[in-house]
1. Relative to the compact-globule scaling 2.2 N^0.38 Å, provide the ratio for the alpha-carbon radius of gyration of chain B.
2. Would you kindly derive the ³J(HN,Hα) couplings of region B:326-341 from the backbone phi angles with the Karplus curve 6.51 cos²θ - 1.76 cosθ + 1.60 (θ = phi - 60°), listing them in order in whole Hz, with x for Gly and Pro?
3. Under 5 Å between amide hydrogens, which residues at least 5 positions from A:R252 or on another chain qualify, with H placed 1.01 Å from N in the peptide plane?
4. Out of every Cα pair in the protein assembly as shown, what percent are spaced more than 42 Å from each other?
5. Once you have the Kirkwood Rh of region A:101-224 from its Cα pairs, apply Stokes-Einstein at 4 °C and 1.567 mPa s and quote D in µm²/s.
6. Compute the projected area of the convex hull of the Cα atoms of region A:396-547, averaged over all viewing directions, and report it in nm² to one decimal place.
7. Over region B:192-261, consider all pairs of different Cα atoms and compute the Kirkwood hydrodynamic radius from their mean reciprocal separation; express it in Å, one decimal.
8. Go through region B:277-291 residue by residue and turn each phi into a ³J(HN,Hα) via Karplus (6.51, -1.76, 1.60, θ = phi - 60°); whole Hz please, and just put x for glycine and proline.
Amino acid sequence: MSILANKDTRAVIIGGVAGVNAAKRMAQFDFLINRPLTVQAFVYPPEAGQQKEIFRGGELKNVTVYSSLAPSLQEHPEINTALIYIGASRGYQAAKEAIEAPGIKLISMITEGIPEKDAKRLKKLADAHGKIFNGPSSIGIMSAGECRLGVIGGEFKNLKLCNLYRAGSFGVLTKSGGLSNEAMWLCAQNGNGVTSAVAIGGDSFPGTDFVTYLEMFENDPETKAVVMVGEVGGSLEEEAAEWLAASKRRIRLIAAIGGTCQEVLPQGMKFGHAGAKEGKKGAGSARSKMNALREAGALVPDTFGGLSKAIKQVYQELLASGDIKPEPEIDEAVLPQLPPSVQEVMKQGDVVVEPLIRTTISDDRGEEPRYSGYAASELCEKGYGIEDVIALLWNKRLPSREESEIIKRIVMISADHGPAVSGAFGSIIAACAGIDMPQAVSAGMTMIGPRFGGAVTNAGKYFKMGVKDFPNDIPGFLSWMKDNVGPVPGIGHRVKSLKNPDKRVSYLVDYVKNHTSLHTPCLNFALEVQKITTAKKDNLILNVDGTIGCILMDLDFPEHSLNGFFVLARTIGMIGHWIDQNNQNARLIRLYDYLINYAVKPERPVPDKK
Amino acid sequence: MAKILEGPAMKLFNKWGIPVPNYVVIMDPNRLSQLGEANKWLRESKLVVKAHEAIGGRWKLGLVKIGLNLDEAIEASKEMIGTKIGTAEVRQVIIAEMLEHDEEYYFSIIGNKDGSELLLSTKGGVDIEDNWHTVKRLFIPLDETPSVESLTEVALEAGFEGEVAERVGKIASRLILCFDNEDAQSIEINPLVIRKSDMRFAALDAVMNVDWDARFRHADWDFKPVSEIGRPYTEAEQQIMDIDSRIKGSVKFVEVPGGEVALLTAGGGASVFYADAVVARGGTIANYAEYSGDPADWAVEALTETICKLPNIKHIIVGGAIANFTDVRATFSGIINGFRDSKSKGYLENVKIWVRRGGPNEAQGLAAIRKLQEEGFDIHVYDRSMPMTDIVDLALKS
């Protein structure tokens, strides 16, 4: 048996992320004792309509979040308990609604920092409605083997260690949350475990007092003794002592009272819970509470550490008197194990998971990203530049100083080519239409293809093939290309020619061949090809795509990385154009009619639909 | 519980129509002479000058001067401002009009679980303790407001007479309004004085506690509560309070000078039991500390470093119950870092560390802190099977 919460308890949690976390912990308990999910609904307006994923063991349940209490109760009429997890400034309203809701019998509030007046009003309201209002600042309520409300009891392992999967004979009452868990552990270690444990919270004016719960425990035949943890301040412990002394009680009371240290502290120095604020030696002091309880017949050790012995003693006495029948211990091996997460199992090496993707270039699992193993900050510190990072991420090796100078020049030379070319123009049209940067830049980016900037890869690929398969046989190469590919990628330009050379090409060729020691078989081959093609037609020159492609092949970059240099470089330019248009607050543009040849049919009537 | 200084209390009284004497709060004594030019009462009344700080026993410390004229008040302010009492420094003084009066009354109101209780006596002043039997009490149920007539009745029963009783009834009614609307926990006015020649009342001295948790609904609370520990906060305490106000969960720290056993304990309930255990076993605590609600590791680290700096400590008790949701591994990583850092700075010489804890990830947390043994720490680590406060017994017997 139990008090307050049992197998029929169904709860709504009012509050956000803390409430969801509590529901997850509660579902672990539901799984342990094989009961249906306790939490049926959440109420949290900012997330109304969402479903929260709650695992009951390995079973995934979805619990709905409602915008207010009424619809949640309408859809889940079995709900009889509300747990308040919402912030202090909204706590009063939430608890008030729950108290006034007809189906709800028990309201437990974990929220801390509720103004005293609000707590007093809630207690008064609950009394008037004949409801139990537990808290504020309560960690929750645990009924062993029956129901867990809140995170009381801690992690799954602890639920087993404290024997919470089945009822014992001890009730637990505390103000503190941590000590409720400690007391449950002591009852499991030194006795046979608990029936129910209730944390009433450490505020000055809790909604429910010790006496209310002592009365309930007295009426619960399975509870034979109660462990009560009180503290300095207020009068709840004295009232408990009065209750105990008032008539013959069936249950035994064991109590620990905190705050005796105040006797020796400097005047006025107080600490602990909000409620632990009064009394040095007079009424409300820890000493007076201990004395009152001892006089009333409770067993009160002088320190918390003494509780173990006291519980053991009472347990032995209850066994001896036959009030408690010894029961065989449940073999913990028969209790369910919480299914571990994939990560946990992997850590233990008990499972093999086929990876979904594989990476060979970078790793961000440490304190900072590492590129091919090198920490980014260390690369910066040692004077490496963006060109070295490109080489690391695209080719997985650090280039030499000469090589990185070439890479840098390729990017610099290709960064932009004015507003008129397809890529930049695409970005500009998008910018003028008010499109955001990433989309406008990708509008320009979509232009990159066989006719615009996208020939680098193929140029590199075929010139490299030429070096290998047609050494010293340019005509052979050209005829193979004509038969199998078509125009040679990297050869030819719309406006540039032998007479009007492309400065970028001549600069790069000169730099690589005359100012570095790079071995350039591809570039040499391409220049030989140019000699033949320009003899046929003046503008069939080695263009910038072809030049870059050859140099990058000579630098040993992977074939399919080559277009990346153009994509990367032009991104710089396209971003520039987007910023430029935005700085000028450019207006929407459209083509003028006179720039369009309307080669369409003249206006004519629409025939009737057949 | 948040005690507020006289200045802010007077301001709240004024707001609710409770008569107060003229007063000013200053930080610069020169400002007072300028105020004197602007305010007739400063030039013509007898004045009282008080240190406007949370310092107990101000009278005995010479931080209250009475019966002064303006020049004397300026002089007294100059003397007081900058005075250091222990760790506290007088930064502000309050100068109030000393109302010539005929009688001193006692007024107070204090909250209880069902509402509040109003206390009245015609025999206020310094001897109120001796005249406690004259105090008339009225219980006021939650959210009920007694009428001025019924309060006048109570005043008559308390021994107030005629017009005075009527005025006392009115003031009591306003006191109740102030108490209710300002989320007060207690207000004590002693004395409330009367000058019968012009029937002028004034609350000459008052202590007010407000519910700091209710500050979210008081836009005009421009004050900060004064220390709850009977003395001003130290710098280290202030630092931990600042951290506390910024984090999820909480960290708390109070110094107790002269103690030998430092507490680095978890949870509002358990921490007090650890302090009790030290005292019960004849030890002396060097501080009170508490971390709870799964605070960030860096906050626990800061608390640890603060505790390691406490002078002349012999033991540190890293204690706690079996936590419900505070992650032991995470909070202990803060403690471990704090210990390491403190040791590298020369602290923790000859200090023994005693650990007992349980809760989420307890095995990993305890294993990690146990490793400090290998780094030369004198540390003794126990798990949940050790009764909670028994590490204190072990420490004090070692």
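Every number here is computed from the coordinates shown, using simple stated rules; none is lab data. Predicted model only: the values in this text are computed from it and were never measured. With ideal geometry, Cβ positions are generated from the backbone for all residues, glycine too; neighbour counts draw on all protein chains shown.
1. Numbers: Rg = 25.9 Å, N = 398, 2.2 N^0.38 = 21.4 Å.
Scaled against compact globular proteins, the figure is 1.21.
2. Calculated HN-Hα couplings, in order: 5, 6, 5, 4, 5, 5, 5, 5, x, 5, 4, 4, x, 5, 4, 4 Hz.
3. Amide H neighbours of A:R252, under 5 Å, 5+ apart: A:A225, A:V226.
4. Details: 289025 of 507528 pairs.
It works out to 57 percent of all Cα pairs.
5. Numbers: Rh = 14.6 Å.
It comes out at roughly 89 µm²/s.
6. On the way: hull surface 43.0 nm².
Computed as one quarter of the Cα hull surface, the answer is 10.7 nm².
7. Details: mean 1/r = 0.0624 Å⁻¹.
Its Kirkwood hydrodynamic radius stands at 16.0 Å.
8. 5, 4, 5, 4, 9, x, x, 10, 8, 8, 5, 10, 9, 7, 10
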